[in-house]
1. State the number of residues belonging to region B:45-60 that are crowded, with 16+ Cβ neighbours inside 10 Å, more than 17 Å from the chain's Cα centre (by Cα) and under 23 Å from B:PHE342 (Cβ atoms).
2. Among (1) surrounded by fewer than 17 Cβ atoms within 10 Å (Cβ to Cβ); (2) away from every other protein chain (no Cβ under 11 Å), which single condition is C:LEU20 missing?
3. Mind listing whichever residues of region B:211-247 are among the hydrophobic types (A, V, I, L, M, F, W, C), within 14 Å of chain A (Cβ to nearest Cβ) and in contact with a Phe, Trp or Tyr (Cβ under 8 Å, 6 or more places away or on another chain)?
4. Can you pull out the residues in region B:354-386 that are more than 22 Å from B:ASP204 (Cβ to Cβ) and in a loop (DSSP other than H, G, I, E, B)?
5. Look through A:VAL118, A:VAL62 and report the one residue that is among the aliphatic types (A, V, I, L, M) and within 7 Å of another protein chain (Cβ to nearest Cβ).
6. What are the residues in region A:146-172 that are of a type in the set (Ser, Thr, Tyr) and at the interface with another protein chain (Cβ under 7 Å from one of its Cβ atoms), if any?
7. Take the residues of region A:309-324 that are at pLDDT below 95 and surrounded by fewer than 21 Cβ atoms within 10 Å (Cβ to Cβ): which is farthest from B:LEU145 (Cα to Cα)?
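The values are calculated or read from the model by the stated rules, or taken from the named source; none is laboratory data. Computed from a prediction, not measured in an experiment: that's the story for all the values here. Because the Cβ atoms are built from the backbone with ideal geometry, glycine has one as well, and the counts that use them run over all protein chains shown.
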Amino acid sequence: MTGDSGAIYILSAAGIGPSGGATREQRRLLAGDPQTTDLSGLLKELTGEEFRRIGHFAQLAVACSRIAALRFKKPIAAKTPLYLATGLGEALNTLSVFAQVINSDDSVCSPYGFVNAVSSTTAFHIAKAGGLNGRSITISQEELSFEWALKLAASDVKSKSAEYALVGGADESSLPRQEHMRRIRLGDDQVMGHGAGFLVLGKNADHAAGELVDVQWFDSTGEEKNAWVLKIARLVERLKKKTDRVVLLPGFRLERTHIASLVGRIAGIEVCNYLPFCGCFHTATAFGIASVFDAPHERDTLYLHVNNNACGRTMAVLIRAFAG
Amino acid sequence: MQKTIKIKGMGAVTSCGTGLPVLIESMRAGQSISRSGASFPVSFGSGIRVNQFDPDRYIRDEALADAVISASIDEALLEAELKRGSSWLTDAALIVGASGMLYDAEIIYRREKNGASAPTPVAVRGAGRMATDIANRLGIKGPVLTVTTACTSSANALMLAGEMIRRGEINKALVVGVEVLSAFTLSGFYSLMLLNPDGCRPFDSARRGVQLGEAAAALLLEADFAIDGGATLCGWANSCDTANVISTNIDGVFIAKVMEDALSSAGITAREIVCVKAHGTGSADNDATEVRAMRLLFGNDPPPYTGLKGYIGHTLGAGGAVETAALFKAVAAGFIPATLGFKDMDPALGSAPLTAPIEAEHGHYMANFFGFGGNNTSIVFRHGKV
Amino acid sequence: MSYSQPGSQDNPLKTELKKLIIETCRKKTSVEAIPDDAPIIGMESCLGLDSLDVLELSVVLKKRYNVKIMDSKDAMRVMKSINSLADTVALLAKND
């Protein structure tokens, strides 16, 4: 995406935190693990429809996608591609169907439950609620799910195969806590989280809230250990404009030492930790990046989001939020 | 010179056995190995037919997916004259298509259910984790991503790999599709009344539902500038039909449009299609919709079409990769397989798929994949020089 | 074969089935708002049920009344209206 005049603009954004709110005023610092909130009222308000069969994860994703689309004041073409990222998908619902199948004598499960657990179902509901019938891809790549979805969506816009792209990520937490934390390789002392974030991308700068500057992946295994820190620092130096304020958004897998080295290598960078508002989940990046646009910016601000996965891969997302 | 996307190597493990040659022989002979569902702990197991991995060779434990994926990758590497650890793999992207990974959770749960420690209720290793593990094992340093769109998962993995190569974002990709069946999946299809106890009968007047199967397949894709025969990936399209979450709109208009979009992505017209690999699940409405869509696209002079699920079952997330590999191995061997399971034409459809193998011509082939969540994918390939 | 009255003349059964549908399909309506003889499947019908609702109801009917419906087309026929559903439940539940 770099070294090219084909900029990709962020036309609107929405992030829903564990409390169910999608504005700065509704954000709450998490005191502990979040509770699952029923979003059916919000969905009804946003779409005028009853989503009587969908689960909490789909509620999060559909509601967030609608808020992002509605914040973009213009209609989005029906053929707009949709990229949904999720680490665990329908975690709660899948657990419930699993229990039905494994513990019952007749091996019969709820058709609603099974269909909800199918991996393409939530994107179907997002497309339906948004009047979309174009490409619909769900990406599940653990901690880097949203980063890849964003890269694919940006490529569609950049290659001019689409005028807009709708891209987002969502995940929910499940119980028992210990099992959930084990699934996403988190320690007992970390805060469990859930939420969603969606962006509308486009190639027209009118009313843009910001731009997507770059999405890059780095190998952080073996000999290349920590070489990625240097590469990211160079990338920021190259892409930063003189007037930019520069802010680091650390992903939930980024260690303190990594944050310290990034701060040490990038002059003037500030750190903004969004995780206390959403907790840790695979697609927290989507929430973190979307919620940057909750408040207006006094200056153009270059945000650097960095996250690792647990297996030696790192991805960096660079976005610029415009002043005003 | 125009860039082509060459399929450099293919490998698969299916219910017919390990490796594509055994599947090709099965397709040439018009026979399949279909086991009963006995090895799945479901109450209706004895009444359904399932295409399973060879139980003598593959133990149903947590390592099953890795075993079948490894065998598929090794076969693909062998065809491409590559070794594990070669720099080809180091630079490649890994794109996995898988619909879900609940079989291992079930295995662990059943094993630990009566033990001292509380059992793990659900998968500790999702499809994304599996992809990362494969990449680490093979020393892949390129992009690693997993597509989870149910029955179109690995078809979409092929599409995304093709697209990333066409855009110059990557030069090489290993595409893997995998589906290991579980009681969860079988029960889901059973509860949706989609299983046909008599097995898969694509496009037949007596078709009543699907027969599920498990499979793994690997395809090595590479950007190439030479046109030297073999199979190349030429065009693709995916779309989401929001009419109904469990079936596509019966009039066929929507999936005809996906096929048309795949043709324009490949830069060809409908007349240039030599043969269509239909989705052909054997379910009453889906097959009817597919025939209507082909009629809309091809008019009164349609190319021959065939379905492969009679040989290997509906392999869900693995379908895109395994059916592509099966078709092009057969085509390379000189024939297009007949539609196993089809006997009598449905007067309501007024159309029949291939009932006997035919000679495989050089030209463009279309492969269609339709799934839950209204997710529809059509891919155009080319075989040999055109 | 059952010789008792058909379910479509059994008002308590029909009320019970209406409640069951409202609860299972999470519909925001009342028992009184559902006529006995009108279609319940389709966008234009009084309940607006679709094929997935019919499958969910089939599972619930099996659990509640041991009514076994094995084919989705049969299920759609059985659930044409409250009357047809009540007839089937009355007939099959007793014969099993």
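1. Total satisfying the criteria: 2.
2. If we test C:LEU20 against (1) surrounded by fewer than 17 Cβ atoms within 10 Å (Cβ to Cβ); (2) away from every other protein chain (no Cβ under 11 Å), just (1) comes out false.
3. Result: B:LEU212, B:CYS240, B:ALA243, B:VAL245, B:ILE246.
4. Selection gives B:ALA360, B:GLU361, B:HIS362, B:GLY384, B:LYS385, B:VAL386.
5. Exactly one of A:VAL118, A:VAL62 is among the aliphatic types (A, V, I, L, M) and within 7 Å of another protein chain (Cβ to nearest Cβ), namely A:VAL118.
6. Taking region A:146-172 first, the residues of a type in the set (Ser, Thr, Tyr) are A:155, A:159, A:161, A:164.
Once the filter is applied, which keeps residues that are of a type in the set (Ser, Thr, Tyr) and at the interface with another protein chain (Cβ under 7 Å from one of its Cβ atoms), region A:146-172 yields A:SER155, A:SER159.
7. A:GLY324
One line per residue, one yes/no per condition, for (1) surrounded by fewer than 22 Cβ atoms within 10 Å (Cβ to Cβ); (2) assigned to a loop (DSSP other than H, G, I, E, B); (3) among the β-branched types (Val, Ile, Thr); (4) touching a Phe, Trp or Tyr at 6+ places or on another chain (Cβ under 7 Å):
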residue	(1), (2), (3), (4)
B:SER39	yes, yes, no, no
B:SER43	yes, yes, no, no
B:GLU62	yes, yes, no, no
B:VAL68	no, no, yes, yes
B:SER72	no, no, no, no
B:ARG84	yes, yes, no, no
B:ILE95	no, no, yes, no
B:ILE107	yes, no, yes, no
B:ARG111	yes, no, no, no
